[in-house]
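Here is the structure we will look at, set down as C-alpha cells.
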Amino acid sequence: MSAPLRSKQGCWTCRLRRKKCDERRDVCLTCESLSITCYGYGAKPDWMDGGEKERNIAIGIKQIVKHTSRKKGRLGTTLARFRKSPGVQENKEDVVLAPKTDNPAPENRTGGAYLEPAGSSTSPASMDTATKSSVSDRNPSSSPPSNPEYNPPMPSDMVVVSRDETVLLMHFLDHVFPLQHPMYKPNIADGGRSWLLSLLLRTKPLYHASLALSAYHRGKVLIQARQPCAHHSLIDQEKHLAASLEELKEAIRNVGQMTMLKACPKDSLGLMASVVQLIYFELFAGNGNAWQFHLRAATITLLESYRPRLFELGLLGSITSDGVSPPWGGTPNEDVAAFKFLCGVVIWLDILDSIKTGKSPSLLTIHSHALSSDSHLKLETIIGSQNWAILQVGHIAALHENKMLSLQSGNLETANGRAEFDKRVDEIRLELECGLTEQGLSCLQVYSESALPDNAAAHVQAIITRLFALAASIYLYLVVQGSHQETGPLADQAMMLLRTQMPRDLMHVIIFPLYIIGHVVSPDDQSFFRCVFSSPPVLEPSLEHRSKILPLLEEIWQTRDAAMDGGGWQRSLKRLSESNILLL
C-alpha cells in the first residue's frame with residue numbers, strides 16, 4: 001500500500017518543510033516534537049512568497065530541527081514518565097524570560113554538543129511550551145526583516161521556564177544562594193550576580209542542581225510553617241536532582257573526559273558550578289558522604305586547569321594599583337566573575353575537607369598564587385576572610401599531615417626532622433602574628449574614618465578576618481601540641497571579639513572559627529556557643545550538617561574535662577571526620 005498523501009490542510013510550517021502534518025489544533029504534533037514554531041492554519045503568511053523571506057524562515061527552522069535532533073535523550077523520556085505519574089500535574093502556563101540566541105548552537109572543540117539549557121519540557125529550553133504559548137499570540141502575517149543575513153528570532157528561540165520552576169528559580173536566587181554565600185555581594189561595575197543567572201539558563205546540570213537545592217530548602221521552610229504544599233517541593237527536589245545527575249553525566253560524556261574545564265569556556269564554568277551545587281545539596285541535606293565524590297571531581301578539575309584558564313581569561317597579570325581588576329572592553333566579563341567565584345569556593349571547600357581528614361589540601365600547589373596578596377581572587381568577598389588568613393589555614397592542614405607521616409616514619413624523632421618541623425611551625429606562627437598586627441591597625445583605621453557603607457563593609461571583613469586568623473593560631477597549637485593547653489590568651493581575644501564586635505546576624509559566616517575557638521574555651525564561655533549553635537542564623541532547618549556541630553562540641557568539652565591530657569585534637573578530629581560534615 002502506498003503512503004498516504006500529505007494533507008493540503010496542514011500547518012504552514014509543515015507545508016514549508018514539505019512534511020506530513022497531523023493537523024492537530026492549535027499546534028501540530030510534528031512541530032511540537034521538534035520544538036519549532038507552528039505557524040498555524042490561518043491565512044497564508046506574508047513571508048511565504050517563494051522569495052528571500054521564505055528562504056530565511058526555512059533556514060532558521062532547519063537549523064532548529066538539526067539542533068533539536070541532538071537533544072533527544074533519556075532525560076526527556078524519564079521526565080515525561082514522571083509527569084504522567086499519579087499525583088504529578090503538568091503546569092501548562094510558562095514564562096518567557098529572554099531570547100536564547102539568534103544563531104545555531106556551535107560545537108565545542110572536543111566534539112560534544114554545546115551546552116544549552118535543559119531540553120525537557122520543564123527546563124529553560126523547553127521549546128514545546130514556547131510554541132504553545134506563542135502561537136496564539138502570533139500574527140502569522142507579520143514579516144521578518146529583509147536582510148538576507150538575518151536569522152529571524154523565533155518564539156521557540158526564547159528561554160522558557162514553567163510557572164512552578166519560576167517559583168523555584170526565584171527562591172534559589174532570593175533565598176538559597178544568599179544562604180550559601182552570605183558575604184558574596186559583587187559590585188555593580190562587575191555586573192553583580194548576572195553571571196549566575198546566565199549560567200543557570202544555559203547549563204542544564206546547574207539549572208537542575210540549583211532547582212533541586214531550592215526545592216529542598218523551600219520544602220523545609222514550608223514544613224516548618226506547616227504548609228500543605230511541602231510534599232510537592234519534595235517531588236520537585238527528587239525530579240531535579242535526578243535530572244541534574246543525568247545531564248551532568250551526559251555533558252561529561254560530550255566533553256569526553258572528566259576534566260570539565262577543558263571544554264568550551266562557557267560550558268566548563270557551568271559544569272564546575274553544577275558540581276559545586278551538588279556538593280552543597282548533598283551536604284545540606286545530610287546525605288552521608290555523597291558530597292565528597294563531587295568535591296573530588298571539582299578539585300581535580302581545578303588543579304589541572306587552573307593556570308590554563310587564567311591564561312584564557314587574561315587573569316595572569318597583576319591587579320591595578322587601586323586593587324581593582326582591569327576592565328574587559330568596558331563591560332563586565334561574566335566568565336571572569338564566575339571563574340573567580342567558583343575558584344574561591346572550591347579552594348575553601350577543599351581546605352575545610354583537609355581539616356576534617358587531617359590531610360593536605362588537594363589544591364595546596366595553587367594556594368601560593370590563588371591566595372597571594374596580589375591575586376585577582378579576593379576571598380573576603382566570598383567567605384568574609386582575607387586571603388592571608390585562609391592561606392595559613394591551608395598550610396596548617398598540610399603541616400598536620402606532615403607531622404603524622406613523620407611520626408609514623410620516626411623522622412620527627414630525629415634532630416633534622418624536628419628542626420624542619422619547628423621551622424615550618426615558626427614560619428606559620430610569624431605570618432599569623434604579623435597579619436594580626438596589621439589587621440589590628442587596619443581595624444582602627446577603618447573605625448576612625450567616616451561611617452560610609454564601604455568602610456562599614458571593610459570593618460566587618462576585618463573583624464571576620466581577625467577571627468579566622470585567631471582560629472588559625474589556635475588550630476596551629478592544636479596540631480602542634482595535640483591539646484588546648486596554652487591557647488588561653490588566644491581564646492580570650494577571640495571571645496572578646498565575638499561578644500563585642502562580631503555582628504549577630506553574621507554568625508553563620510564564621511562556622512570554622514566558631515568550632516575551633518569553641519574547642520578550647522573555658523567552661524564559663526561554653527554557654528555562648530550553646531546559644532549561637534541553637535539559634536538563627538547558625539541554626540537553619542535546611543542545613544542538616546550544622547545541627548551536628550553543637551553535639552560534637554559538647555562531647556569535646558566533656559572528654560576534655562575528663563581526660564588527663566586536656567583533650568586530644570586527634571580524638572575530636574576523628575569524631576568530626578565520622579560526622580561527614582564541613583565547617584560551613
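For the range 545-584, give me each residue that is aromatic (Phe, Trp, Tyr) and either modelled with pLDDT under 85 or in contact with a strand residue (DSSP E or B) (Cβ under 7 Å, 6 or more places away or on another chain) (or both). Of everything in the range 545-584, just one residue is aromatic (Phe, Trp, Tyr) and either modelled with pLDDT under 85 or in contact with a strand residue (DSSP E or B) (Cβ under 7 Å, 6 or more places away or on another chain) (or both), namely TRP569. Please find, within the range 233-276, the residue that is modelled with the lowest pLDDT out of those that are outside any helix (DSSP H, G or I) and either over 22 Å from LEU349 (Cβ atoms) or open to solvent by 10 Å² or more (accessible area, probe 1.4 Å) (or both). Checking each candidate, the answer is MET258. MET495 falls short on exactly one of the conditions (1) modelled with pLDDT of 90 or more; (2) hydrophobic (A, V, I, L, M, F, W, C); (3) over 15 Å from SER522 (Cα atoms), and that condition is (3). When the range 26-46 is filtered for residues that are within 40 Å of the chain's Cα centre (by Cα) and modelled with pLDDT under 80, the ones remaining, listed by number, are VAL27, GLU32, SER33, LEU34, SER35, ILE36, THR37. Cβ-Cβ distances below 9 Å connect the following pairs, each with a first residue in the range 282-295 that is on the phi > 0 side of the Ramachandran plot and touching a residue at least 24 places away in the same chain (Cβ under 8 Å), a second residue that is among the aliphatic types (A, V, I, L, M) and open to solvent by less than 30 Å² (accessible area, probe 1.4 Å), and a separation of six or more residues or different chains: GLY286/LEU543; GLY286/ILE581.
Report yes if SER572 is assigned to a helix (DSSP H, G or I), without any contact (Cβ under 8 Å) to a residue 12 or more places away in the chain and surrounded by 15 or more Cβ atoms within 10 Å (Cβ to Cβ), otherwise no. Spelling it out, it is not the case that SER572 is assigned to a helix (DSSP H, G or I), without any contact (Cβ under 8 Å) to a residue 12 or more places away in the chain and surrounded by 15 or more Cβ atoms within 10 Å (Cβ to Cβ).
Consider the range 411-434. How many of its residues are modelled with pLDDT of 90 or more and open to solvent by 90 Å² or more (accessible area, probe 1.4 Å)? Adding up the residues that qualify gives 8.
For ASP505, indicate whether it is free of Cβ contacts under 8 Å to residues at least 40 places away in the same chain and over 20 Å from LEU543 (Cβ atoms). No; evaluated as a whole, the condition is false for this residue.
Tell me yes or no: at least one residue of the range 509-528 is touching a Pro at 6+ places or on another chain (Cβ under 6 Å), assigned to a helix (DSSP H, G or I) and at negative phi. Yes, because at least one residue in the range 509-528 is touching a Pro at 6+ places or on another chain (Cβ under 6 Å), assigned to a helix (DSSP H, G or I) and at negative phi. Take the conditions at pLDDT 75 or above, of a type in the set (Ser, Thr, Tyr) and open to solvent by 80 Å² or more (accessible area, probe 1.4 Å) and apply them to THR437. Does it pass? Here the answer is yes, as THR437 does meet what is asked.
Residues being of a type outside the set (Gly, Ala, Ser), farther than 21 Å from GLY435 by Cβ and touching a Pro at 6+ places or on another chain (Cβ under 9 Å) are represented in the range 546-557 by at least one member.
The residues of the range 365-387 that are over 19 Å from GLU438 (Cα atoms) and of a type in the set (Gly, Ala, Ser), listed by number, are SER368, ALA370.
So, LEU573, is that one closer than 17 Å to LEU283 by Cβ and under 34 Å from the mean Cα position of the chain (by Cα) or not? Answer is no for this residue. When residues in the range 480-502 are screened for being outside any helix (DSSP H, G or I) and in contact (Cβ under 8 Å) with a residue 12 or more places away in the chain, 7 of them pass.
Checking each residue in the range 453-479 for being in contact with an Asp or Glu (Cβ under 7 Å, 6 or more places away or on another chain) and without any contact (Cβ under 8 Å) to a residue 60 or more places away in the chain picks out ASN455, TYR477. A search for C-beta distances below 6 Å between a residue of the range 182-197 that is assigned to a loop (DSSP other than H, G, I, E, B) and any residue that is surrounded by fewer than 17 Cβ atoms within 10 Å (Cβ to Cβ), counting only pairs 6+ apart in sequence or on different chains, returns PRO186/GLY192.
Screening the range 500-521 for residues that are within 18 Å of LYS185 (Cβ to Cβ) and not aliphatic (A, V, I, L, M) and picking the one that is nearest to the chain's Cα centre (by Cα) gives HIS508. When the range 369-393 is limited to residues that are of a type in the set (Gly, Ala, Ser) and within 13 Å of GLY344 (Cα to Cα), the one that is surrounded by the fewest Cβ atoms within 10 Å (Cβ to Cβ) turns out to be SER372.
When the range 515-544 is filtered for residues that are surrounded by 17 or more Cβ atoms within 10 Å (Cβ to Cβ), among the small types (Gly, Ala, Ser) and either closer than 23 Å to SER577 by Cβ or at pLDDT 90 or above (or both), only GLY518 remains.
Among residues of the range 403-427 that are touching a residue at least 40 places away in the same chain (Cβ under 8 Å), those with a Cβ under 8 angstrom from a residue that is in a helix (DSSP H, G or I) and of a type in the set (A, V, I, L, M), sequence gap 6+ or separate chain, pair up as LYS403/LEU412; LYS403/VAL479; LYS403/VAL480; VAL425/LEU399; VAL425/LEU476; VAL425/VAL480.
The values are calculated or read from the model by the stated rules, or taken from the named source; none is laboratory data. On a predicted model such as this, the values are computed, not experimentally measured, just so you know. Methodologically, a virtual Cβ is constructed for each residue, glycine included, from the backbone with ideal geometry; neighbour enumeration extends over all protein chains shown. When the accessible area is computed, the model is the full protein with side chains, heavy atoms only, and any ligands, DNA or RNA have been set aside. Shrake-Rupley method; radii C 1.70, N 1.55, O 1.52, S 1.80 Å.
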